[in-house]
Amino acid sequence: PPTPPLLLHFPFSIQYKPQSATIGSMSRRRSGLQRQVLGLYRSFLLIAKTKPVDEQKQWVNAIRNEFQEGARVKRNNFKKIEWLIRQGTNKLGTFKDKSVKRLKPSESDR
């Protein structure tokens, strides 16, 4: 493996990426819908980090399951994908609310 170049003192950080890191799926261009889905997934995971620590694992698992179900949609079914993105964006707005701490209401909330 090649050695990284010497890092000079710049006001910004320089990250060394070996060429092997850009080969494969990382270098593949993504469509606009794929970027939207990945951005939505990332936003959901960031929101999960804002929830109570004892609930975070449940949030991450639920988010992962939802996106895995969505991954079963055929790639050329654009209407369904766009509908799922809109539905996810609406849920994201709801989950951003600080008062939402759990995915399911507890027995004491009923």
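The values are calculated or read from the model by the stated rules, or taken from the named source; none is laboratory data. The structure displayed is predicted, hence computed values, not measured ones. So basically every Cβ, Gly included, is an ideal-geometry build from the backbone, and we count neighbours across all protein chains shown. Heavy atoms of the whole protein, side chains included, go into the accessibility calculation; ligands, DNA and RNA do not. Shrake-Rupley method; radii C 1.70, N 1.55, O 1.52, S 1.80 Å.
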Only unsatisfied item for T89, checking (1) open to solvent by less than 50 Å² (accessible area, probe 1.4 Å); (2) in contact with a Leu (Cβ under 9 Å, 6 or more places away or on another chain); (3) in contact (Cβ under 8 Å) with a residue 24 or more places away in the chain; (4) not aromatic (F, W, Y), is (1)
Query - Test for P5: is it modelled with pLDDT under 90 and either open to solvent by 100 Å² or more (accessible area, probe 1.4 Å) or closer than 21 Å to R102 by Cβ (or both) - result: no
Counting only residues that are in a helix (DSSP H, G or I), more than 15 Å from the chain's Cα centre (by Cα), more than 18 Å from I47 (Cβ to Cβ) and not small (G, A, S), region 57-108 contains a total of 7
(1) closer than 30 Å to K80 by Cβ; (2) at pLDDT 85 or above; (3) open to solvent by 100 Å² or more (accessible area, probe 1.4 Å) all hold for M26 apart from (2)
Flagged in region 47-56 as within 13 Å of the chain's Cα centre (by Cα) and surrounded by 12 or more Cβ atoms within 10 Å (Cβ to Cβ), in numbering order, are I47, A48
